[in-house]
Amino acid sequence: MKKILLLILLIIIGVGLYSSIFIVNETEQVIKTRFGKPIGAAVTNPGVHFKIPILDVLHYFDKRYLEWDGRPNQIPTKDKRFIWVDTYARWHITDPLKFYQRLYNEQGAHSRLDDIIDGETRNAVASHDLIEIVRKSNRESMIDSTALDEIIKLEEIDVGREKIGDMILENSQKRCADLGIEILDFEFKRINYVQEVQEKVFERMISERKRIADRYRSEGQGEASRIEGERERELLRIRSEAYRTAQEIKGKADAKATAIYNQAYNQSSESRDFYQFMKTMETYLNTIDSTTTVMLSTDGDFYKYLKSTGDM
């Protein structure tokens, strides 16, 4: 009986010791409460720690950087442009005790961040023109301004999206100072027109691009016409020079042939007679065929060779 009681006592002591021990990981921090009230400071050092079983309740919080993803909101800008704004932020718990007392858990923290960051974002967007939210700096456009000079007219900005984001972050941090958390970073994830305005913007962009394309086509057609005119003019010049060269060659050849004929003609009377005979035969060949009727005088040069042939 004593052994059984001793065994039961040892079991109770073992369970008590096990229940009084808790382990904190490197990524965790713990708040102990007793009857709903925090006991002592937050446990932030990793390792083995002790508590009073049953009475003490542990609340674990993350040490790491946490993400806040905002809901896309439709917000009007200062110049009355309705846009969709989607944002995100990074935050972490700096004071676990104050965090537990003010927000209780991460769900409560996200709900509070929704109010703070969304509110500051709405105020900042409503206080600036659209161009200030879209552009980050006054750098020159990478697009060829000579080609799109009628469309790309970037206005100068005084603040810019990056500084507006810094303003939202700074104001949000001030409002979170007594909540035991710190907002580390804030960024615009997406900025876009609402659907109705977006369709009109796309239609305008398409019409402007078509107008630019038509201008390029018109300039291209004008350049093509100029090139075609130069080609025709050059072709006529080449043909003219070729015709002139051909005529010069032909004239020189005729002159040389005439000189040869004259030289042969002046050599002797037999040569002249033979030459006249060959030229007359050549004329017969070129002018008379089987359907030609020729009326010749008896004392003409054409009839002379026919008559002499008949006499033979």
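Taken together, the values in this text are just the output of simple stated rules run on the coordinates, not laboratory data. Remember, predicted model here, so these are calculated numbers, not experimental data. Don't worry about glycine lacking a Cβ; one is built from the backbone with ideal geometry, like all the others, and counts go over all protein chains shown.
Could you please report the charge total around Gly119, scoring K, R as +1 and D, E as -1 over all other residues with beta-carbon less than 12 angstrom from its beta-carbon? Value of the local net charge: -1.
Inter-part distance, region 107-142 to region 194-250, computed on C-alpha centroids, equals 49 Å. The distance between label points at Glu67 and Asp289 comes to 9.8 nm (points 7 Å beyond Cα on the Cα→Cβ vector).
Fewest neighbouring Cβ atoms within 10 Å first, the residues Arg139, Arg211 line up as Arg139, Arg211. Stretching Ile227 away from Lys174 to a fully extended chain increases their span by 12.1 nm, per 0.36 nm per residue minus the current alpha-carbon distance.
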